Every structure is written in structure tokens, then in C-alpha cells.
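Asker: The structure that follows is given in the form of C-alpha cells.
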Amino acid sequence: MPDARLHVAVIGLGTMGPGIAATLARGGMGVRVHDTVPAAIERARAAIPQAGSVLDRLGIAPPDSGEGAVSFHEDLESAVAGAGLVIENVPEKVEVKAAVYRALDPLLPAETIVASDTSGIPITTLQGFLSHPERLIGMHWSNPPHIIPMIEVIAGRHTAPATVSFIADLVRSLKLLPVVVKKDVPGFVENRILYALLREAIDLVDQGVIDEEGMDTCVSWGIGYKLAVVGPMRLLDMAGLDIYQSVASFLNADLSDRKDVAGYVTERARAGKLGIKSGEGIFPYTPEQIRELQAERARQLVAVRRILEGRDG
Ligand SMILES: NC(=O)C1=CN([C@@H]2O[C@H](COP(=O)(O)OP(=O)(O)OC[C@H]3O[C@@H](n4cnc5c(N)ncnc54)[C@H](O)[C@@H]3O)[C@@H](O)[C@H]2O)C=CC1
Ligand SMILES: Cc1ncc(C(=O)O)c(C(=O)O)c1O
């Protein structure tokens, strides 16, 4: 069972790392953060307290022992020294993660747990790059990680049951929601659902059935809004399995089943249009718009979560 004296190393300080570090520190854990890019470490020095202020608005208080300290490390060795848990948050490329695990191997005792925040690389694949694979596990947070309470916990073929229990208990100790995924399939559960939805959304925009703004309004104020309150399996009962059977009997055959990535995405990515991180993707963003957008999204997500948790409204 993890306790507040646990020291956690967070490796990779891009989109996900700072929010994860802030959440762990608010849980009372000592957190050491590392990135190979000094500028990312410097950005994290501001991003972590910003995430902490959102945790304040969520009403998430530290334990009686107080908030954990966060320290910033340009070298991997000092970041992981004494860590009971290492959370890997480097880019979603097997070779990049493999290089991190090879670098970690000589630095970690055999019992130190390594948790990957991978979006969907099978954990069993990653276990091929780290000694003592029984201590490697998937711990898939969602963006923004300091706000979304659900964390997928995924065992690879070699992950020890005690490792699964440790991570699930740690998530609960943070007052978050662990979901133990029973099979190590690509994309686990959340991203298989999300990527099926995104594939269909992109296809419909690409076909001219709807434009980008209309798509976002349709999904956010329709099914997205409803799914925040009624999960898909309960929704089947709410709509009626007879209705689902009738609609699916003709619709399933018409849904996108493409196996590649749509040109709508690859063309933009090739042009360097990656989204907020590059100032333009599907939509253009000025730095001020990005700040306003991220602040407004945090405000709205906090308000919705407080209502769903029964604390407001
Ligand atoms: N962006 C998202 O919405 C989500 C991403 N994830 C997953 O989390 C992981 C990280 O994703 P992002 O934070 O979005 O990536 P990112 O590209 O924003 O950040 C990755 C960070 O890792 C650093 N890095 C690269 N190689 C490194 C190394 N060898 N050692 C230390 N740091 C290194 C980079 O400098 C960068 O700051 C990926 O596996 C991703 O699939 C999970 C949930 C959501
Ligand atoms: C587009 C996209 N891809 C992956 C993830 C993830 O959860 O890994 C997310 C997310 O919302 O966190 C995402 O939006």
C-alpha cells in the first residue's frame, strides 16, 4: 500500500508530466521531475503550480502530512534516486520509451515500479525493454491529468498482481478512479472508444457531412454531454436494446472502418500543423487564445466534475 512518504519520479514534462506531478504532490508524495529538454523543465516550474491552483478549485486538499515537495532534475539518475515509483511520460514511440527503460535499468532496484502513461502501446511490448518486467505497468492518465479523475491501470503479460494492486491503491489514495483493464489490448479501453469516435468524426467532416465547428457542437452538447452522466452500457438500457438492434442493423455496416490515418490528419501533421502545440492544427490559435482556452476549459471541467461528484449544483 503506497503512503505519503512515497517518492515518485516523473519522466517527461510535456503535455502530461506537469499535471501528473502536481497531482502526486497534492497527494503528499515527494516528486522528482525530469526531462531531457531544459526548456521543458523550466516550463514545468510554472505549469506545476498552475495545475496546483486548479486542484485547489477542485477542492483537493493535501493529507495531514502536507503537500509533497517537487524537485527539478536535468539528469535522470538524480531524478529516480530513491524513487519507489517511476512514471514514464515520454513521446508515444516504442523506440523512445525503450531507450528510457534501457537508461533506467541500471539506475533502479529490481522492485521499483515503472508505470507508463502510454496512450495505447501494449504493456507487454514495453516489458521487452525493461528487466524485471513484473514491475512494469500501464497507468494511463487522461489529458488534463490533474482534472480527469479516471486512470486506466493495465497489466502486461508479465506484470505482477502486486504491481497492479499497488498502482490501483495509489490512484485511490489520490481520491481518483482506477479502472483495471482486464486485457492488454492496443489502446486499452478509453482510447479504443475515443479513437473510434475520432475516426468517425474526421470521416464525416472529410465527407462534408458537417463542418468542424458543427461536429464539436453536435458531439459536445449531444452524446458527449449525455455520456458524462450516463455511461455507454447504461445508455443502451436507457435507449432500449431494441432500438440499438434496429439502428445498428443498418448503421454498423456504414460506419468508417478505415485502417489507416485519414489524409485530413496526415496532411496537416506533415505541414507542421499539430494543434495547440504548434499554434495551428484544425483551428488556428494565438498565444493569448491558447491561454484563454486552457483557462476556460479548466474552469468548465472543474465545474462539471464538482457537479458530477455531487459537491455543487
Ligand atoms: N497528450 C495527451 O493528450 C496524452 C498523452 N498521453 C501519453 O503520455 C505520453 C507523453 O505524452 P505527451 O505529454 O503528450 O508528450 P509530449 O510530446 O507533450 O511530451 C513528452 C516530453 O518528453 C520529453 N522527452 C523525450 N524524450 C525523453 C527522454 N528520453 N527522457 C526524458 N524526457 C524525454 C520531451 O522533451 C517532452 O517534453 C505519451 O505516451 C502519450 O501517448 C497519455 C494521455 C493523454
Ligand atoms: C487525441 C487523444 N489521444 C490520446 C489521448 C489519451 O488519453 O491518451 C487523449 C486524451 O484525451 O487524453 C486524446 O485526446
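None of the figures in this text is laboratory data; all of them are computed from the coordinates on show. This is a predicted model, so every value here is computed, not measured. Glycine gets a Cβ as well: all are built from the backbone with ideal geometry, and neighbour counts include every protein chain shown.
Asker: Sorted by average packing, counted as other Cβ atoms within 10 angstrom per residue and highest first, what order do 227-239, 17-29 take? Mind dumping the intermediate values first?
Answerer: Numbers: 227-239: 11.8, 17-29: 26.4.
By packing density, highest mean first, the sequence is 17-29, 227-239.
Asker: Check which residues have an amide H placed less than 5 Å from MET29's amide H, if you skip close sequence neighbours.
Answerer: GLY68
Asker: Step through the residues of the range 190-204 one at a time and calculate ³J(HN,Hα) from phi using the Karplus curve (6.51 cos²θ - 1.76 cosθ + 1.60, θ = phi - 60°), rounding each to whole Hz and writing x for Gly and Pro.
Answerer: Coupling constants for the range 190-204: 4, 6, 5, 5, 4, 6, 5, 5, 5, 4, 5, 5, 4, 5, 5 Hz.
Asker: Pick from SER173, SER256, SER131: which is most flexible by mean-square fluctuation in a GNM of the chain where alpha carbon atoms under 10 Å apart are linked?
Answerer: So, out of SER173, SER256, SER131, the one fluctuating most is SER256.
Asker: Can you work out the Karplus-derived ³J(HN,Hα) for every residue in the range 101-117? Use 6.51 cos²θ - 1.76 cosθ + 1.60 with θ = phi - 60°, whole Hz, and x for glycine or proline.
Answerer: 5, 5, 6, 6, 3, x, 9, 10, x, 4, 8, 5, 6, 10, 10, 9, 8
Asker: In addition: Could you work out the helix-only [θ] at 222 nm for the chain, with each DSSP H run of four or more residues adding -39,500 (n - 2.57) and the total divided by the number of residues, to the nearest 500 deg cm²/dmol?
Answerer: Values: 12 runs with 137 residues, N = 313.
Taken over the chain, the calculation gives -13500 deg cm²/dmol.
Asker: Please enumerate, by chain and number, the aspartates and glutamates with C-alpha under 18 Å from the C-alpha of LYS259, excluding those fewer than 8 residues away in the same chain.
Answerer: Qualifying aspartates and glutamates at Cα under 18 Å: GLU200, ASP203, ASP206, GLU267.
Asker: Nearest 10 degrees is fine. How inclined is helix 241-251 to the longest principal axis of the chain, computing both from alpha carbons?
Answerer: Its long axis makes an angle of about 80 degrees.
Asker: Kindly work out what percent of the DSSP beta bridges joining two residues of the range 7-181 are antiparallel, to the nearest 5. Let's see the in-between values first.
Answerer: Working: 4 of 29 bridges.
So the antiparallel bridges in the range 7-181 amount to around 15 percent.
Asker: If you don't mind, another one. Take every DSSP beta bridge whose two residues both sit in the chain, then give the antiparallel share in percent to the nearest 5.
Answerer: Working: 6 of 31 bridges.
Of all bridge pairs located within the chain, approximately 20 percent are antiparallel.
Asker: Which of LYS182/LYS273; LYS97/LYS226; LYS93/LYS277 have a Cα-Cα distance over 29 Å? Provide the component values of the computation, followed by the final result.
Answerer: Working: LYS182/LYS273 36 Å; LYS97/LYS226 36 Å; LYS93/LYS277 18 Å.
LYS182/LYS273; LYS97/LYS226, as the Cα separations exceed 29 Å there.
Asker: Is there a quick way to get the dipole size of the range 191-309? I mean about its Cα centre, with the Cβ of Lys and Arg at +1 and of Asp and Glu at -1; what is the value in debye to the nearest 20?
Answerer: Values: 15 positive and 18 negative charges, 116 e Å.
Charge dipole, the range 191-309, about its Cα centre: 560 debye, nearest 20.
Asker: What residues have an amide H closer than 5 Å to that of SER116, excluding those fewer than 5 places away on the same chain, when H is modeled at 1.01 Å from N in the peptide plane?
Answerer: Those lying under 5 Å, H to H, from SER116 are GLU88, ILE137, GLY138, MET139.
Asker: Expressed as a rounded percentage, what relative contact order does the chain have, with Cα pairs under 8 Å and six or more residues apart? Please list the in-between numbers first.
Answerer: On the way: 453 pairs, mean separation 41.7, N = 313.
Normalised by residue count, the contact order of the chain is 13 percent.
Asker: Excluding the sites themselves, what is the longest stretch of the chain that contains no GluC sites (Glu not before Pro) in a DSSP loop with at most 13 other C-beta atoms within 10 Å? Could the numbers behind the result be given before it?
Answerer: Working: sites that count: GLU74, GLU92, GLU111, GLU309.
Answer from the scan: 112-308.
Asker: If you average the sequence gap of Cα pairs under 8 Å that are 6 or more apart and divide by the length of the range 191-309, what percent do you get for the contact order? Don't skip to the end; give the middle numbers.
Answerer: Numbers: 37 pairs, mean separation 20.9, N = 119.
Relative CO of the range 191-309 lands at 18 percent.
Asker: Whole-Hz Karplus ³J(HN,Hα) for the range 146-158, in order, using 6.51 cos²θ - 1.76 cosθ + 1.60 and θ = phi - 60°, x for Gly and Pro?
Answerer: 7, 10, 6, x, 7, 10, 6, 10, 10, 8, x, 4, 9
Asker: Is the range 191-309 rounded, prolate or oblate when judged by the Cα gyration tensor, a ≥ b ≥ c being the square roots of its eigenvalues, rounded requiring a/c under 1.5 and prolate requiring a/b larger than b/c?
Answerer: Working: a/c = 2.64, a/b = 1.23, b/c = 2.14.
Verdict is oblate for the range 191-309.
Asker: Any idea how far the Cα center of the range 259-278 sits from the one of the range 42-86, in Å?
Answerer: 32 Å
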